[in-house]
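The next block holds one structure in the form of structure tokens; read it before the comments.
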Amino acid sequence: MCGIVGYIGNKKATPILINGLLSLEYRGYDSAGIAVIENNEICVLKDKGRVANLRKIPEIDTLESSIGIAHTRWATHGKPSKENSHPHLDNSKQFAVVHNGIIENYNELKEFLCSKGYKFLSQTDTEVIPNLIHYYYTNGISDDDKFLRAVKSAIDDLKGSYAIEVISNLYPDRVIVVRKDSPLVIGTSKEENFISSDIPAILSYTKNFYLLDDYEYAVVYNDHIQFFDNSLIEHSKAIKSIEWDATAAEKNGYEDYMLKEIYEQPNSIRETIGTRFKLGEKCCFDDIDINKEYLKTVNKIYIVACGTAMHAGLVGKVAIEKLCNIPTGVDIASEFRYRNPIIDENTLCIFISQSGETADTIAALKLAKEKKAKTIAISNVIGSSITRVADYTIYTHAGPEIAVASTKAYTSQIILLVILAMYFAENLESCKKDVLDNLKVDILDLPSKIEAVLNEINGIKEFANKIYTEKDMYFLGRGNDYYVAMEGSLKLKEISYIHSEAYASGELKHGPIALIENDVTVIGILTDSNLVDKSISNIQEVVSRGAKTLVITNQRLTNNNFDFIINVPETNNLISPVLSVIPLQLLAYYISKNKGLDVDKPRNLAKSVTVE
Ligand code: M6R
């Protein structure tokens, strides 16, 4: 949540800051602002609303400064308003701060500062930070590195999470940054340095990055950067070169990122498969040191994640249990971290996070490590926070996912989990070779089958036209189809704001069927040949009660009275969600478009949930 950008170099800062904010807007879009040092004073321009509003402020084009910090906000403390927008200044207007995260003890700090005569102009937690810096700067800090020491003293008082940038007109040649539990990267180039919440936002300027660690400080000048640990002892830091293509994070002619990302799925799945297996060969994970001896000791696996990533985990659980015969539980990270899960050195924990920055997932991972479990992170973002905490990381390689609604990351997460399950099974010899060989053939066939689904979208568009004004919808399925129903329902509510629920078909009679009345829309997913007859009976029960039905299936359905049927190609049931979810992604997309909504930036949501 919230995106921060910074620049110091030999060019005008404002256009670079604005470009960065536009790329980071998916992280929060309640308000946006910048601070630069102009004629020895800090100049702050900010406003409620999108970055587009900020651009309309007339003074923005007059700024000449080549140092600045910027912020796009997802409100936590204080409603979206100009006053609550970042950057925030201290009372003397000598220090400007942007902040991503939450300061949990800000009330206490505010009381302290008020008792010292400081005034507050906003309802934010952030405003305590510039004032604390000013307080320490003017109260007893020695002259050596006074700016850095004042920042460090202020940071020492904070409880919570933060990625922070600070500038001061007293030190117009540097930006100080520090982070804890919120992402921050520094891109470096000749005579200019860039700061950002994520790599893609500044990838068009440089491919060389420093990934800041928790409690690590950087003092960024135009031609060099100093790094300090939490005791302010200077150290050197290695550059990480990123090979991503900057154009991968652009729309390439698609109306929205979400549509582009849906259409990228044949390729993202190819990238996820990568070199992890070939036909006739065993699966290979060079990135993890997990061997047969260790796997034999594992008596339980937990898969932990949030939202869509958790839905991918549910599909992964089915594959691991079936192929490896290891009991596997799936937990929502925010529940897992507080429920005192039973974990020991015989537990393997897998954490899935597209962004690698989700606060609850990272906290759950830290808990599992404390309890001595071995941990694997599955992430899409190279060098993201989760990858630096887990024992091992496996990347999905789905390419940058910009739309808030996750699509290609979900299908890549599923495929990665299934390949991981095959790898475990091969090590454990827990599954017949021909079963795994057939599954490999089916996985390799997926990209062309996805293309086939994407070439037949008229039915989905037609159904979206028919139902986009509905208030409620229900999704039904059994087994993996239930998990796809959950994902379809989440996609719909996220971007169309239509209330929807997913139910396991067998649960219908235990309550939800009371909601079914004439003309209500029910979407059934039927891809498991073993369960199809039972699922058909459940959908017939809603048809009898007047429901309008869309069925997504890879089965030949005869003698049915469903209103719409979307066929998807047949495949192994362990991976069928990768095909059956695509019509649901498109359905949510076209309903949202029909309603004239902002598909990529749905209200109240942010791509990266870096606060609890
Ligand atoms: O980056 P993560 O995978 O950790 O994000 C988890 C969820 O916040 C995310 O999947 C969310 O549910 C998406 N907006 C779903 O489309």
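The values are calculated or read from the model by the stated rules, or taken from the named source; none is laboratory data. None of these values were measured; they are calculated from a predicted model. Every residue, glycine as well, gets a Cβ built from its backbone with ideal geometry; the counts of neighbours run over all protein chains shown. Areas reflect the complete protein model, heavy atoms only, side chains present, ligands, DNA and RNA absent. Shrake-Rupley method; radii C 1.70, N 1.55, O 1.52, S 1.80 Å.
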Below 22 Å, Cα to Cα, which lysines can residue 433 reach? Residues fewer than 8 away in the same chain don't count.
278, 282, 292, 296, 317, 322
Once the piece of chain linking residue 392 and residue 288 is laid out straight, how much longer is it, given 0.36 nm per residue of separation minus the C-alpha distance between them?
36.9 nm
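Can you tally the net charge around residue 569? Count Lys and Arg as +1, Asp and Glu as -1, for every other residue whose Cβ sits under 9 Å from the Cβ of residue 569. Can you show the working numbers first?
Working: positive: 449; negative: 445, 570.
Every neighbour counted, the sum reads -1.
Give the calculated FRET efficiency between residue 224 and residue 437 to the nearest 0.05, with a Förster radius of 45 Å applied to their Cβ-Cβ distance. Walk me through the numbers before you get to the answer.
Working: r = 55 Å, r/R0 = 1.23.
It comes out at approximately 0.25.
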Extended-chain gain in nm, criterion 0.36 nm per residue less alpha-carbon gap, residue 325 and residue 594
92.3 nm
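Evaluate the relative contact order of the chain (contact order divided by residue number), counting alpha-carbon pairs under 8 angstrom at least 6 apart; express in whole percent.
On the way: 1363 pairs, mean separation 72.5, N = 612.
Dividing the mean separation by the residue count of the chain yields 12 percent.
Find the eigenvalues of the gyration tensor of the Cα atoms of the range 30-88, then list the square roots of 5 times those eigenvalues as equivalent ellipsoid semi-axes, largest first, in whole angstrom. Could the numbers behind the result be given before it?
On the way: eigenvalues 84, 29, 13 Å².
Largest first, the range 30-88 gives 20, 12, 8 Å.
Mind checking the range 341-445 for GluC sites (Glu not before Pro) that DSSP puts in a loop (not H, G, I, E or B) and that have at most 12 other Cβ atoms within 10 Å?
Numbers: sites: 345, 357, 370, 401, 426, 429; in loops: 345, 357, 401, 429.
Passing both the DSSP loop test and the Cβ count: 345, 429.
Tell me, what % of the accessible area of the chain is carbon and sulfur with a 1.4 angstrom probe?
Exposed carbon and sulfur together represent 46 percent of the surface.
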Using only the Cα atoms, what convex hull volume per residue in Å³ does the range 458-594 have?
93 Å³
Need the C-alpha centroid separation for the range 510-552 versus the range 150-213, integer Å.
52 Å
What's the center-to-center distance, using Cα atoms, between the range 382-441 and the range 1-19 in Å?
35 Å
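I need the peptides 599-610, 430-441 ranked by packing, meaning the mean over residues of other C-beta atoms within 10 angstrom, with the highest value on top. It would help to have the intermediate numbers written out before the result.
On the way: 599-610: 20.8, 430-441: 15.0.
The densest-packed peptide leads the list: 599-610, 430-441.
Quote the convex hull volume per residue of the range 251-453, based on C-alpha atoms, as a whole number of Å³. Please report the intermediate quantities before stating the final value.
Numbers: hull volume 21.9 nm³, N = 203.
It is 108 Å³ per residue.
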Please tell me which of these pairs span more than 31 angstrom C-alpha to C-alpha: 12/593; 82/369; 79/237; 119/180; 152/601?
12/593; 82/369; 79/237; 152/601
State the answer as a single residue: which of 521, 40, 587 lies farthest towards the positive end of the charge dipole of the chain, with beta carbon charges of +1 for Lys and Arg and -1 for Asp and Glu, about the Cα centre.
521
Using the charge dipole of the range 3-248 (Lys, Arg: +1 at Cβ; Asp, Glu: -1 at Cβ; taken about the Cα centre), state which of 178, 7, 232 has its Cα farthest towards the positive end.
7
Two pseudo-spin positions, 7 Å from Cα along C-beta at residue 429 and at residue 530, lie apart in nanometres by 2.5 nm
Distance in nm between label sites at residue 250 and residue 173, each 7 Å beyond Cα in the beta-carbon direction?
3.7 nm
Run the simple label-point estimate for residue 11 and residue 537 please: 7 Å along Cα→C-beta, distance reported in nm.
6.6 nm
Quick check: convex hull over the Cα atoms of the chain, volume per residue in Å³, rounded to an integer?
157 Å³
Lysines whose Cα lies under 20 Å from that of residue 509, excluding same-chain neighbours fewer than 8 positions away
534, 548
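Taking the range 505-582, which GluC sites (Glu not before Pro) meet the DSSP loop condition and have no more than 12 other C-beta atoms within 10 Å?
Numbers: sites: 507, 517, 541, 570; in loops: 517, 570.
Of the GluC sites (Glu not before Pro), the ones in loops of the range 505-582 whose Cβ has at most 12 other Cβ atoms within 10 Å are 517.
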Between residue 77 and residue 105, 0.36 nm times their residue separation minus their Cα-Cα distance comes to what?
8.9 nm
Based on DSSP, what percent of beta bridges with both residues in the chain are antiparallel, to the nearest 5?
60 percent
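Please sort 80-86, 349-355 by packing, taking for each peptide the average over its residues of neighbouring beta carbons within 10 angstrom, highest first.
Numbers: 80-86: 19.9, 349-355: 28.9.
Highest-to-lowest ranking by the protection proxy: 349-355, 80-86.
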Ranking request for peptides 579-586, 323-330, 164-171: highest mean number of other beta-carbon atoms within 10 Å first, then the rest in descending order.
579-586, 164-171, 323-330
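Looking at the chain, do any whole DSSP H helices span at least 27 angstrom along their long axis by alpha carbon and average 0.0 or above on Kyte-Doolittle, and which?
Values: long enough: 408-428 (30 Å, 1.17); 433-454 (32 Å, 0.33).
Membrane-span-like by this criterion, though nothing is claimed about a membrane: 408-428, 433-454.
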Tell me, what is the per residue accessible area of the chain in Å², probe radius 1.4 Å?
38 Å²
Evaluate E = 1/(1 + (r/R0)^6) for residue 340 and residue 121, where r is the Cβ-Cβ distance and R0 equals 41 Å; express this FRET efficiency to the nearest 0.05.
0.45
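Between residue 462 and residue 497, what is the FRET efficiency for a Förster distance of 25 Å, r being their Cβ-Cβ separation, to the nearest 0.05?
Values: r = 21 Å, r/R0 = 0.86.
After rounding, the FRET efficiency stands at 0.70.
Quick one: net charge around residue 179, please, counting Lys, Arg +1 and Asp, Glu -1 for every other residue with C-beta under 12 Å from its C-beta. Don't skip to the answer; put the middle values down first.
Details: positive: 180, 388; negative: 165, 181, 213, 214, 216, 357.
Here the charged neighbours net out to -4.
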